[in-house]
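Here, each number is a calculation from the coordinates, and none is a lab measurement. No experiment lies behind these values; they were computed from the predicted model shown. Neighbour counts are summed over all protein chains in view; Cβ atoms, including those assigned to glycine, are modelled from backbone coordinates with ideal geometry.
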Amino acid sequence: MDLGDTGTLVTLLSGVAILIGIVGVVVPVLPGLALCWLGVLGWALLGGDGWQRWPVLLLATGVAAAGTVVKYLWPGRDLKRSGVPTSSLVAGGVLGLVGFFVVPVVGLLLGFVLGLWLAERVRLGDSRLAWPATKRALRAVGLAMLIELTAALGIAGLWVAGLLIA
């Protein structure tokens, strides 16, 4: 592997961007799916000659777009059905952000759960009712993360296939 070769360097940097994007799906601070797509975009634009890169970019764009749309629609529909309001999710997000800085590594998740539970506790007026609503919201967030991870891994797979074809 000659890192002096521009195509090799672009391919390596694209792979790093895709890998960081996959990690970014699990660590919600990074824009995971966008990084994966940007990795493929950089590889297609700057990676060298070959028409094979363009269909890979087109398919990766479709996977990223579909993943983004489904990530919001499917869990959002489930949340609306269960009656968990957006304000509770916002409260969870705000406390999750605070938790991220107060307790490194796990503070984001702990703050989100606590904020969500507190908002539901205030809204419903009963701790016993707040916990099932919190679990439903956490399930929806987990589903959204799973959808995004599937899309990111799909983009990574397309890129690897493009490497093998190109």
Worksheet, complete the sentence: When the charge dipole of the range 71-160 is computed with +1 on Lys and Arg Cβ and -1 on Asp and Glu Cβ about the Cα centre, the Cα farthest towards its positive end, among 99, 140, 155, belongs to 140
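Any idea what the dipole of the range 6-165 comes to, in debye rounded to 20, about its Cα centre with Lys/Arg Cβ at +1 and Asp/Glu Cβ at -1?
The dipole of the range 6-165 has a size of about 600 debye.
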Fill in: Inter-label distance for residue 46 and residue 106, nm, one decimal - labels placed 7 Å from Cα along Cα-to-Cβ
4.0 nm
Worksheet entry | All-pairs alpha carbon distance profile, the chain, 10 Å steps from 0, percent | 11, 31, 26, 17, 11, 3, 0
Worksheet item: So if R0 is 45 Å, what FRET efficiency would residue 86 and residue 13 give, r being the distance between their Cβ atoms, rounded to the nearest 0.05?
Response: 0.75
Worksheet item: Which whole DSSP H helices in the chain pass both tests: a Cα extent of 18 Å or more along the axis and a mean Kyte-Doolittle value no lower than 1.0?
Response: 6-26, 32-46, 86-102, 107-124, 127-165
Worksheet, complete the sentence: If 135, 80, 71 are placed from fewest to most neighbouring beta carbons inside 10 Å, the sequence is 80, 135, 71
